[in-house]
1. Calculate the FRET efficiency for Thr717 and Thr597 from the Cβ-Cβ distance with a Förster distance of 56 Å, rounded to the nearest 0.05.
2. Would you work out if the stretch 778-920 is rounded, prolate or oblate? Take a ≥ b ≥ c from the square roots of the eigenvalues of the alpha-carbon gyration tensor; rounded if a/c is under 1.5, else prolate when a/b is larger than b/c, oblate otherwise.
3. Go through the stretch 826-838 residue by residue and turn each phi into a ³J(HN,Hα) via Karplus (6.51, -1.76, 1.60, θ = phi - 60°); whole Hz please, and just put x for glycine and proline.
4. For the stretch 245-255, take each phi angle, set θ = phi - 60°, evaluate the Karplus expression 6.51 cos²θ - 1.76 cosθ + 1.60, and give the result in whole Hz per residue in order, putting x for glycine and proline.
5. Given a Förster distance of 41 Å, report the FRET efficiency between Lys304 and Lys470 from their Cβ-Cβ distance, rounded to the nearest 0.05.
6. Need one word for the stretch 85-221: rounded, prolate or oblate. Basis is the Cα gyration tensor (sqrt eigenvalues a ≥ b ≥ c); a/c below 1.5 gives rounded, then a/b vs b/c decides.
7. Assuming R0 = 56 Å, can you tell me the calculated FRET efficiency for the pair Leu347 and Tyr820, based on Cβ-Cβ distance, to the nearest 0.05?
8. Which ³J(HN,Hα) values, rounded to whole Hz and listed in residue order, are derived for the stretch 627-638 from phi using the Karplus coefficients 6.51, -1.76 and 1.60 in 6.51 cos²θ - 1.76 cosθ + 1.60 with θ = phi - 60°, glycine and proline given as x?
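FYI, it's all coordinate maths here, none of it is from the lab. Everything numeric here is computed off the predicted structure, so don't read it as measured data. Here the Cβ positions follow ideal geometry from the backbone for every residue, glycine too, while neighbour counts run over all protein chains shown.
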Amino acid sequence: MKLNKRNSKLIIRYLTSISLSIISYSVFGQIFSTAQNPLSVDWNYIESGGFKIIYPRQLENDAQRMARTLPFIYPKVGLGLRQQKTSIPLLLQNQGTVANGFVQLGPKKSEFYTTPPQYFDSQDWLNNLAVHELRHIAQFDKLTGSKARPFPELVYFAYFGAGIPIWFFEGDAVVNETALTASGRGRQPNWIMPYRTSILKGKKLSYSKAYFGSNKDITPGYYQTGYLMVADMREKFGQFISDSLLGDIRKRPIRIYPFSKSLKKYTGKNTRKYFLSTQDNVAEKWKNQQMETFTKDYISINKKTELATNYFLPIRWNNKQVLALKESKQEPRHFVLINDDQSEQKLFGIGYQEQPWFSLQNNVLVWDEIRYDPRYKQRSYSVICSYNLKTKKFKKLSNQSRLFSPTLSHDGKKIIAVKIELNNQFNLVEIDASNGAILKTFPNLENEILQMPGFDNTGNKITYISVTEKGKNLNLLEGDKKTLLISESRQQLSRPIFIGDKIAFNAHFNGIDNIYEIDISSKKITALTASKYGAFNPSETENGKIIFNDYKINGYEIAETSIERKPVGENGFVDFAKAAEKQENIGNVFTNIPDTTFQSKRYRQGLNLFSVHSLIPVIENEYVFGLELQSNNLLNTMDFYTGAKYHRDLKRFEYSADIRYKALYPVLSVTYRNRPKRTFYRAKNVIQQGDWRENYVKLNASLPLSFNARNQTYAFTLNTATSFTQRYLPENMPSNFIKALKFPMEYNFTFNHSVRTTERDIAPKWAQVLRATYNHQPFDKNLRGEILALESFFYFPGLAKNHSFLASFNYQKASGMNQYATEIATVYGYNNILAKSKLQNSLLLNYRFPFAFPDWELGPLAYVRNFRAGLFSHYENIGKDTNIGEPKTYGIELNTSVNILRYQPVVDLGARLVFVNKIYNQNPILEFSFNYSF
């Protein structure tokens, strides 16, 4: 039995890929970015009260505002953790179109992505980020001290990820953002709606399932789980309970389950028991709310499913068919036509959207989606695409644009959309639907944040949402005349549409998200739905009804109802952060921000290439271990690592340095090693041991490019490298010992194409990977040799959803000193089978499939998400050693994804039984695998 451990280089930095501060109001989630901006971005910086704000020059106004805001509110944000001062660099990123914000260590910094989403809180976007992210800074300061660099940062960060659950960090921050403002996610019914729905349907969750998620069901996630638990702690144990917990962990860090033990010390319950107690508490409050609120059941017209599935934005295409955006745990987002008999016709998949959005008029379908820069992934665009349902033709109406929420006029000839400039100027623009030309730009002198515009039937009136720090507004635009229909509301107003001379929109006046209508003349508001859990995205039908999303336990379903106007009703929303708000007793933390102007200076990238932050232990295997000093600069343009490792078997040290410069279009890197080496050779029929040291320098240039279009992704990588090796201090080496290896050349080209996947997919439904490698020795006549390797991987759909079939054919031709090198994919068990000849080709056939999604909580030991299996048949040296029908190896494999000891990383455990062709006279091989990801 052999043990095959993947990712055997256990370096602590791998544990630090956790972002403790992800803000994403869509389904998108990401850890903190390591991408670059284009070199054309000019950077300035402002220093203010411990904050060094680094920003593109276009964001001067926002940078000045943040320079005034952050030092002013930090003492209030950090009060509950007894933190009053801090020191941290903060980057404002304006090149992207995906909303996000985070705080990290290694290096210590925060980043605000300044382009807001089209659906978020009822306050200014940057203020929204500030009040949340500053709480994370206070958390870090509580655990590490408020010094600029708590050295080593990555060790701290790894410990935070391993010892403190992410739900606590995020829940504490969401409670704080809600208690210190008039908004906050804790006041949004739809944010907590999935959990409320599960509870009211009698489906309580285990602690692990609520925290880690599920491959089959909708779960609240760690933001919502954490919010409810921390809000409950604040209510029962006071304003400083988070301070007590983090303070106790800092004093006694070396414990198993340190957070759970500290929680039990102050509350009498460990994490699991506190979760169950909180779940019972919120269930009681939600049931009381349900009894006191008038609701109505709506019949779903979509196909029933036991799997989490969403049908977003339903709209009648004709009397017998409904168009919607569908996605599920099994299928990525795509357009679907639903017939009256609930049968479905899949149209086509689309790319990532900042939020689900499309518009349909006159057989023309338009939507927006995110497209990334081929090289600089900090830069992305929001482009408008169209599809004609009659002619079946696609168009991309904009290129490298920043356009959001496109909505067609009734005749399908014009589009109204939100345009966001790099300086965060917001405008409504009218666009020609045939060619994408901008016909008109509507002034927005106050520069309010604009959202979700729509035309009336004449195309002469426009309704839209605007947002300021004072709240959300519903607006009507007729020519140049602007009418304010709803002003400075803390309601989650969204997606307004005209229904005759009235406007329907989403809000939560009764404490549950529902569809409401406002009379333009009288401004009287009435309710159109009374959903139990949430109603959204109305669209008028020709028969005087509305079709809309009605939220159920498995997601956004489709319902249709006659228009019946009812009173708005009383607000019965359950505010779990009410106790925390009273404890803070501040009101809106953004009130009375001082009016100060700061001096801005140029931030020179060339003078800020190094940011040394950590000295970490490195363990490569049981024989090699050491320390590594790490530097990653703030703009992610240069990485530097240096260190020393001890080879226990050789009793000697190795010294290393690596530098990687990523600002240019090609990525350039230099690697240096001064290392001990050992070999064994035969001399006079006696095995001899020889040792030496060597200086090894490698130069590498890489050009990674990728493109995305709808649900397709294409990637190309060009790579070339060379090296020089100087060997010295030979001990007991033969006389022909070669002391220099002069500039061997390596070339590599990779092409990758794949379609968008979903969380149940083991591999893409369709994908192709082609790779060519060529290594040779053009500058050293004494060391002739070359190797040419060609690899191909073709993925196909299997017999059922989420099944995957891989066919991989690979070829290599090697000679000289490279004749025994291996550059292609090999059969399973390759290293444990005595070869009959040099490797020349391989054919690998794999069929993999998931078969169970148990969501088992095995006490505190593990949470089992899924089980997957596979069959394989692998061939080697076809035509020489094996023939088709006679594989070299074949067998079965079994894998499972688990969370071990209630830690966040997803661990993939696997076992593989490899049977070997009888001509090799080899017993079956049992291999185990271990991998993890965040």
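1. Working: r = 46 Å, r/R0 = 0.83.
Taking R0 as 56 Å, the efficiency between Thr717 and Thr597 is 0.75.
2. Prolate, since a/c reaches 1.5 and a/b exceeds b/c.
3. Each residue's phi maps through the Karplus curve to give 10, 5, 4, x, 3, 6, 10, 10, 5, 6, 8, 7, 4 Hz.
4. Result, ordered by residue: 5, 5, x, 5, 5, 5, 6, 10, x, 8, 8 Hz.
5. So, using R0 = 41 Å, E works out to roughly 0.40.
6. Oblate, because a/c is 1.5 or more while a/b does not exceed b/c.
7. Values: r = 53 Å, r/R0 = 0.94.
FRET efficiency, Leu347 to Tyr820: 0.60.
8. 10, 9, 9, 10, 9, 9, 6, 5, 8, 6, 9, 8
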